[in-house]
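Written out below as structure tokens is the structure these notes cover.
What follows is calculated from the coordinates using simple rules that are stated; it is not laboratory data. Computed from a predicted model, the values in this text were never measured in an experiment. We place every Cβ from the backbone using ideal geometry, glycine too, and count neighbours over all the protein chains shown.
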Amino acid sequence: HNCWAYKSADGSHRYYDDGEPSGTAGKPILQAIESEGLVDCMVVVIRYYGGIKLGTGGLARAYATSAKESIKKIIKIKLVK
């Protein structure tokens with residue numbers, strides 16, 4: 001699954017669950033972006049099924065954690081127009 005979310009400086013945003021149960025992938029990724037106050041940002045999390053069913057709560061936590069950990073590692077710059 002290639003799940004993603006983005007948020008633009010104008011406030012527009014979108015997320016995609018790519019076949020995961022609704023709201024368990026893209027939405028937690030978007031919440032991770034918003035919790036850091038990022039704009040003009042897109043995060044993609046790729047998950048391969050490993051044979052263990054996580055359930056909806058487990059999926060949401062897995063996507064949120066992956067997004068948050070990735071965001072911690074990026075270099076953030078302020079865009080000046």
In whole Hz and in residue order, list the ³J(HN,Hα) couplings for segment 20-30 that follow from phi through the Karplus curve 6.51 cos²θ - 1.76 cosθ + 1.60, θ = phi - 60°; x for Gly and Pro.
6, x, 3, x, 9, 10, x, 5, x, 5, 4
Using per-residue counts of other Cβ atoms within 10 Å, averaged over each peptide, order 9-20, 24-35 from highest down.
24-35, 9-20
Difference of contour (0.36 nm per residue) and Cα-Cα distance, residue 36 to residue 72:
12.0 nm
Could you work out the equivalent-ellipsoid semi-axes for the chain, taking the square root of 5 times each eigenvalue of the Cα gyration tensor, largest first, in whole Å?
24, 13, 9
Pairs 7/27; 27/72; 27/81: which are spaced more than 20 Å apart, C-alpha to C-alpha?
27/81
How tilted is helix 55-73 with respect to the longest principal axis of the chain? Cα atoms for both, answer in degrees (0 to 90, nearest 10).
30
Net charge near residue 71, counting Lys/Arg +1 and Asp/Glu -1 over other residues with Cβ under 15 Å of its Cβ?
+1
What residues from segment 8-23 fall in the zone where the backbone N is under 11 Å from a label point 7 Å along the Cα-to-C-beta line of residue 56?
21-23
